[in-house]
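Report on the structure given below.
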Amino acid sequence: MAGDAEKGGAVASANPDQRYGNQGEDIGPCGYVLIGLSILMCVLLFPLAPFFILKVVQQYEKAVIFRLGCIRPGGAAGPGLFTYLPCTDDIHVVDMRTVSFDVPPQEILTKDSVTITVDAVVYFRIQDAVSSVCNVDNVKTATRLLSQTTLRNMLGTKSLSEILAEREEISNAMQQILDDATDPWGVLVERVEVKDVRLPQNLQRAMAAEAEAHRDAKAKVIAAEGELNASKALKEAADVIAESPSALQLRYLQTLSAIAAERNSTILFPMPIDMMKAFADK
């Protein structure tokens with residue numbers, strides 16, 4: 001069913017006039033009479049006619065012309081200068097530039113039952129002027145409303161951790177869904193960005209406490225590992241000093257040198273017994 005719907009949307013986008021009749025559909029004898037009278041009036045009022053039958057649209061615009069209610073053959077006109085019959089033609093000018101709008105903040109209940117507020121921004125442009133006029137009443141309003149419902153439906157199937165970690169993937173998936181849904185309207189969704197994910201205050205405090213506890217636990221583990229490495233180094237140093245008694249005396253002298261370099265003071269330290277034994281033997 002979904003495949004058939006997508007196929008039908010693609011067909012409607014490729015040839016939107018299948019829904020509303022072919023371009024240049026037979027308008028009947030009365031229609032041809034009215035067109036003939038309009039042309040005759042333009043000929044009779046030739047000096048003034050150019051002011052009424054010529055129209056200019058900008059480079060970024062196209063004009064969809066309805067002649068007696070039917071789309072004029074040739075599709076949308078413009079940009080530039082074109083002619084029309086003022087008595088029988090109705091003109092709808094369509095802006096083809098990229099349009100952006102903010103999706104209002106939506107309160108969404110995630111998959112893991114957390115209420116969050118999410119807003120987004122959508123960039124789109126009209127690529128088929130005829131479809132945007134014939135297939136939807138107000139293409140900008142319809143796209144905006146569809147963006148809101150798509151955002152709510154998509155985020156409602158994901159957990160909070162997925163929303164926070166996969167914002168780019170969510171934006172790309174939402175863009176694809178909107179582009180497929182608005183294709184029959186002649187709209188091309190160029191970009192979708194999730195702007196902000198706001199959490200309740202109590203949830204923010206809980207997450208902050210959890211992060212702080214995690215950092216404290218990690219700091220204690222690092223400090224314990226440092227103490228363990230220091231104790232191993234001290235044990236190895238003690239083993240080296242125990243093998244050579246004179247190494248302890250050298251350590252004394254090195255410590256005295258370090259202390260004397262920092263401040264001027266009188267230092268008392270015990271005289272090693274081994275040094276006294278040397279004098280006693282003499």
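A short reminder: the numbers here are calculations on the coordinates, not readings from a lab. Only a predicted model underlies this, so the values are computations on that prediction, with no experimental measurement involved. For neighbour counting, all protein chains shown are included, and Cβ atoms are generated from backbone atoms with ideal geometry for every residue, glycine included.
Label-to-label distance, residue 56 versus residue 229, with points set 7 angstrom from Cα along the beta-carbon direction: 7.6 nm. Counting charges near residue 195 (Lys, Arg +1; Asp, Glu -1) among other residues having Cβ under 9 Å from its Cβ returns a value of -4.
Less than 12 Å Cβ to Cβ from residue 173, Lys/Arg counted +1 and Asp/Glu -1: what total charge do the surrounding residues give?
-4
Residue separation of residue 206 and residue 138 scaled by 0.36 nm, minus their Cα-Cα distance, works out to 20.0 nm of gained length. Placing unit charges on each Cβ (+1 for Lys and Arg, -1 for Asp and Glu) gives region 139-192 a dipole about its Cα centre, and among 159, 171, 147 the Cα reaching farthest toward its positive end belongs to 147.
Centre-to-centre separation between the Cα atoms of region 40-79 and those of region 105-149: 34 Å.
Of 55/140; 140/195; 158/220; 158/195, which ones are farther than 29 Å apart at the Cα?
Pairs exceeding the cut-off: 158/220.
Rounded, prolate or oblate for region 144-212? Axes are the square roots of the Cα gyration tensor eigenvalues, ordered a ≥ b ≥ c, and the cut-off for rounded is a/c under 1.5. Taking the square roots of the gyration eigenvalues as a ≥ b ≥ c, region 144-212 is prolate.
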